[in-house]
Structure formats: structure tokens, C-alpha cells
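Down below is the structure, laid out as C-alpha cells.
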Ligand SMILES: Nc1ncnc2c1ncn2[C@@H]1O[C@H](COP(=O)(O)OP(=O)(O)OP(=O)(O)O)[C@@H](O)[C@H]1O
Ligand SMILES: [Mg+2]
């Protein structure tokens, strides 16, 4: 059992506040992804959980035990470092077996585990090499294998696949997810790749400027973003926003169209995903500005009422810049945000 | 200028300088060592080696090196680790520890002589504390181990800092992330030292040890000041041949022997602390 609880954790570097009051519970065996832009504090949070950094305030609990005061090796975790930290003076074999040697496991057990995890990461042919003779991607896989070989209760991974090519990354993603599920490991996985986050996570925590904006299942984060930041950070292309004018008793006018919405007094923003738009007889008048064929789809950037508006349309459609399209949103897919708080309004 | 040739052009002045002031004198010394009136011969070497003081000065030099260098290695490693862990005042401590480096070896010998001689500090202190009734002669032929100890102390005091400086620089070059990884994967402080610091410090250890071992074979002034003729060493014998006995050939031959010993030890150290290809930081 290794549930992780982060209670009111904040971190200051001098006068710079890198983390603000983080509260997060990661269930036993859950695969939690920390997603956010560069510099938002993902690594800092991970390092606090690992014990490599001390929180300015707050508590960290792992498996029902408060671990703030414990050194990293006593927390029952293992970790993949963002900068790999693969030991240059040891062979790949000894790197992967480093933690096992520290636990004084017998040689044949070390060998068994090293070979198994090296096989998972497709680096079994590199075991005799030194890290100076490895590529960045190979070194990264050594770092992952070293963490997996520990068979820990909790594994912390800081962008463990960032340096692999697209194909290998896809393969490793599945591999990693499978292994961790099988070994019932609680995982925290840092990435800024949304596809990775979506495909691997049980839950995603979206971070922004040292805060967790939303922690929910991938589909919820995608469909019901809790804030404008999430809506514009997740999804490629991001959500479209249009100002909404209140027309009384839950009725709203958005770029000349009428919608039912929340019963709010002040003006809101209405948002829709580009793929939830289609060509219809009635809807927004949109003048196409840029047309990008993406193979499966056609990404059309238009102008609606003076606002930039993107639609993902069928690639068979013949759209040219300058054409005026009539775009209608799919039923039930529009979302509402308060422009002042930037939070979602139901 | 062609980029291929530029490096050679740039090292030319140093090369010329070394040829003029190192290689040329070296050739002269070698000539003197191997040459007699009737051409090439090993007579000088035979003379030097068969002299009764040769084995004892050889033994003394090795004994001193074997006693001093390991202690200095351990001390400098300990000091370097301590200095590296310090948050504040690190530079100040380093400056203080390296003060002996700025003192010539003869001066160092004289300082320690002032401590150990019959009218020295140590004797005054012992008398003052009532340990002995009157000053005793510590550095005499009756107490050879005391002479050895005094020379050892002086050498350790004088030349540990040179290793310290090299090791501090070397430890500073080891990225912090490796210690973090070792920490996460369960290495204790001691294991981190033996599994991370020591192996990653190999290049610096190499430099420090080679430098120190060569200096140990060249030990002279400290021994001369503290031991005089009680503790003959190789360098002292070279001095005696050259200036007391006016036998340049023998002095040159002995110098070549010391050179060969130094080269052999350099090779051994380089081999022992070799970093495998691809295993560098
Ligand atoms: N040791 C430190 N001293 C001062 N500031 C730091 C330190 N470590 C991190 N920061 C700052 O804290 C913020 C968060 O850093 P962090 O490394 O957690 O970002 P990240 O989300 O992991 O980014 P990336 O995706 O680029 O790895 C950054 O603005 C960074 O400059
Ligand atoms: Mg990071």
C-alpha cells in the first residue's frame, strides 16, 4: 500500500515562490501524471516528494507515514531523473543494478532483475557499455531501467521518455504502463507531452505557475477543463473562446447565436473544442483565413466576429482561404468560463 | 594560417622553451652519467650502487614515501570532503590549510627543527609541564625513530595541501545529481564516498598522487634540516656526490636512477587509476 499525500506544500527559492499550497492525494497503484508548461514546478514537486528538496511548508505522506524528515533512501521510492544522472563510471549493468547492490541482494537476483528491466527498455545489448558511449535516448532508458529494477512501491518519473523518437516513445509508453500496472506500483509521471499524459494517466494534474489547477481523469480534463488555462493548454489545437453576452434567465448571445447557459449575472466566455464544430445550415459565420490539411482532418483557422476561431473539419471538404463557412457546435460541448476568475462556470 | 597547423604553431614557444631548459640539460646529465673517457659505460652506475650508503638511502627514501604518502592521501581526502561540504567560510579555511604550500621546504624543515631540537618548543613545553627534568636530545643517533617521526610530521605538514588543492578542485567537478541518484538508490554517506566520489575522482587522484610521489622521491631539504646525516636519502646522496665529492658522473647516474623510479611509479599510478574509455563524466 503506497498512497501519497501532499498536504499544503509550498516551496520558495529565495524570494521566488515555485510552489503555492499544493494539495494532492495519489491513490495506491494510481498512475498520476503531472502536466504543465516548462518552469511550472513539476520537477520541484517531484523532488520534494523524493526528499531531494525540502518543502518550505507542508507535509508529504507516503503509505500512511509522514516522510518529510526522512532521507530519500528511506522513503520507499525510486526515481527517474530529468537529467538521467546515469553514473558515468559504471557500466550499464552496474548502473541498473546500483540500487540492488546497495540492498546487498545476491548476485543472481541482481543479474535477473537487471536483465529483465534492460529487456523491457530494449537495452539488453548495451549492458557492458559505459554511459559515455551511449546516446541520450539510451542513457534515458538506462535511467528508467535503474528505477524499475528496484521494484519500488512508488516510482517518480521526471520526463522519462522525453529523448526518444516518436515510435520508440509510443512503444515504451505502453511497455511502462503495463509493467507498472502489473507490479501494482504507484507512479507519478512528469511530462509536458499531452498525448503522453492522456494515453497513460489514470488521473492528470495540470500545473500552472506553481499551482495545481485541475486533477482529474484525462477525459474530464479534456472535456470539462476547470479553468481557461487547462482549456487552452490541453488539446491541440486548443479550445476556442468567444465572449458571451447575457440575454436574461440563462440565455446567452455568442457572436450572434443564442445558447442556453448558466444563470449568471455577469458576462462570461463561451468555449468550444475545434473538433466539436461542423459545417451546418445555421451557425457562426466564419471567414477562413488559413487552411492546413493534416491528413485525417482539415484545420481551418477563421475569423468569427473579430475573434480567432479554429475548426477541425473533414479533409474531404474543399475550403479555401477567404471562403465563408457556417459552423455549428455539437450539442452539449460548449463550456462557460468566468473571465475574472478564469474558472469554469457550470 | 591553416587551422590544422595552428595548434602546433601555438605550442611551439613552450616546446622550444622545454627543449632548451629541460631536454638539453637532461641530455647533458645522461651523457655525464653514461659517459667516461672511453665512451659509453655503466661504471658510474656500478660505483653508485655498490657504495654502502646506497641501499640505506634507497630504503629510507622508500620508507618515508610509504609512510607519508598514504597518510597525506587519507588526510587530503578527508579535508577535501569537509571543505566541499562547508557552506560558509570555505575559502578562508582553504587558504589557511594551504599556507604551508607557500613556505619553502628548507624553511619548513627549520620550523620543525625549532620544535624538536634540544632547546626547542617541545622540550621547553615538556620541561614546563614537568614531564622531563631537563631538555632531552630528541633528534640524535640514539633515537632514529624520533628523527623519522619528525621528518614525517614535517613532510605531512608541508605537502598535504598540494594534494588537497587538486582534490578539492576534482570533487567540485563531480555533478551534484550523481549524489542525488545515489541517495535515492540507497547509498549511505560512506557508500557515496567509495562508490561515487572515489571513482569519479580518479583523474584528480592520479594527478595528485603522481605529483606527490615524485616529490616524495625528491625529498631533501626537510631531511637535511631535521636528520642531517642521520637519515640519508637519495637526493642527499646526489648532493653529496656533486658538491662534497665533486663526482659529477656519479651524481648524474644517481639522478637518472631517481628519474627511473619516478617514471615507474608514475606509470603504476596511471595504470592503477585508469579510467576506462567511455567512463568519463
Ligand atoms: N534550485 C533552484 N533555485 C532557484 N530557483 C529554482 C531552483 N529550482 C527550480 N527553480 C525555479 O522553480 C521553477 C520551477 O522549476 P521546475 O524545475 O520545477 O520546473 P519544471 O516544471 O520541472 O520545468 P521543466 O518542464 O522545464 O523541467 C522555475 O521557475 C525554476 O527557475
Ligand atoms: Mg522539470
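The values are calculated or read from the model by the stated rules, or taken from the named source; none is laboratory data. Owing to the predicted nature of the structure, the values given are computational and were not obtained by experimental measurement. Positions of Cβ are backbone-derived with ideal geometry, glycine not excepted, and every protein chain shown enters the neighbour counts.
Observations on the structure shown:
- Here B:273, B:254 are screened, and the one residue that is surrounded by 18 or more Cβ atoms within 10 Å (Cβ to Cβ), modelled with pLDDT under 95, within 14 Å of chain A (Cβ to nearest Cβ) and touching a helix residue (DSSP H, G or I) at 6+ places or on another chain (Cβ under 6 Å) is B:273.
- Test for residue A:55: is it outside any strand (DSSP E or B), more than 14 Å from every other protein chain (Cβ to nearest Cβ) and touching a helix residue (DSSP H, G or I) at 6+ places or on another chain (Cβ under 8 Å): yes
- Criterion (within 16 Å of ligand 2 (Cβ to nearest atom) and touching a strand residue (DSSP E or B) at 6+ places or on another chain (Cβ under 7 Å)) met by exactly one of A:11, A:7: A:11
- Count of the range A:14-38 residues, restricted to those that are within 13 Å of ligand 2 (Cβ to nearest atom) and either more than 14 Å from the chain's Cα centre (by Cα) or within 14 Å of another protein chain (Cβ to nearest Cβ) (or both), is 2.
- Contacts under 9 angstrom Cβ, first residue in the range B:6-17 being in a helix (DSSP H, G or I), partner modelled with pLDDT under 90 and surrounded by fewer than 10 Cβ atoms within 10 Å (Cβ to Cβ), 6 or more apart: B:9/B:1
- The range A:35-50, residues that are more than 8 Å from ligand 1 (Cβ to nearest atom) and under 22 Å from residue A:230 (Cα atoms): A:35
- One residue stands out in the range B:257-270 among those that are in contact (Cβ under 8 Å) with a residue 12 or more places away in the chain and more than 18 Å from residue B:204 (Cβ to Cβ): the one that is farthest from the other protein chains (Cβ to nearest Cβ), namely B:257.
- Residue A:248 vs. criteria part of a loop (DSSP other than H, G, I, E, B) and outside the structural domain of residue A:192 (by TED's automatic domain parsing): yes
- Failed item in (1) crowded, with 24+ Cβ neighbours inside 10 Å; (2) more than 9 Å from chain B (Cβ to nearest Cβ), with residue A:79 passing the rest: (2)
- The range A:138-154: number of residues that are surrounded by fewer than 24 Cβ atoms within 10 Å (Cβ to Cβ), in contact (Cβ under 8 Å) with a residue 24 or more places away in the chain and closer than 20 Å to residue B:280 by Cβ: 1
- Residue satisfying condition, being more than 23 Å from residue A:186 (Cβ to Cβ), free of Cβ contacts under 8 Å to residues at least 60 places away in the same chain, away from ligand 2 (no atom under 16 Å from the Cβ) and within 12 Å of chain B (Cβ to nearest Cβ), within set A:88, A:106: A:88
- Only residues that are away from chain B (no Cβ under 12 Å), more than 16 Å from ligand 1 (Cβ to nearest atom) and closer than 29 Å to residue A:63 by Cβ were counted across the range A:120-147, and they come to 5.
Listed here are the residues, each with its yes/no results for (1) under 17 Å from the mean Cα position of the chain (by Cα); (2) within 14 Å of another protein chain (Cβ to nearest Cβ); (3) on the phi < 0 side of the Ramachandran plot.
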| position | (1), (2), (3) |
| --- | --- |
| B:193 | no, yes, yes |
| B:196 | no, yes, yes |
| B:236 | yes, no, yes |
| B:242 | no, no, yes |
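- Residues satisfying the stated conditions in the range A:49-74, i.e. without any contact (Cβ under 8 Å) to a residue 40 or more places away in the chain and within 16 Å of ligand 2 (Cβ to nearest atom): A:52
- Among the conditions (1) out of contact with any helix residue (DSSP H, G or I) (no Cβ under 7 Å at 6 or more places or on another chain); (2) more than 11 Å from chain B (Cβ to nearest Cβ); (3) more than 10 Å from ligand 1 (Cβ to nearest atom), the only one that residue A:60 does not satisfy is (1).
Quick grid of which residues meet (1) modelled with pLDDT under 95; (2) part of a helix (DSSP H, G or I); (3) within 14 Å of another protein chain (Cβ to nearest Cβ):
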residue: B:158; (1), (2), (3): yes, yes, no
residue: B:162; (1), (2), (3): yes, yes, no
residue: B:165; (1), (2), (3): yes, yes, no
residue: B:186; (1), (2), (3): yes, no, yes
residue: B:203; (1), (2), (3): yes, yes, yes
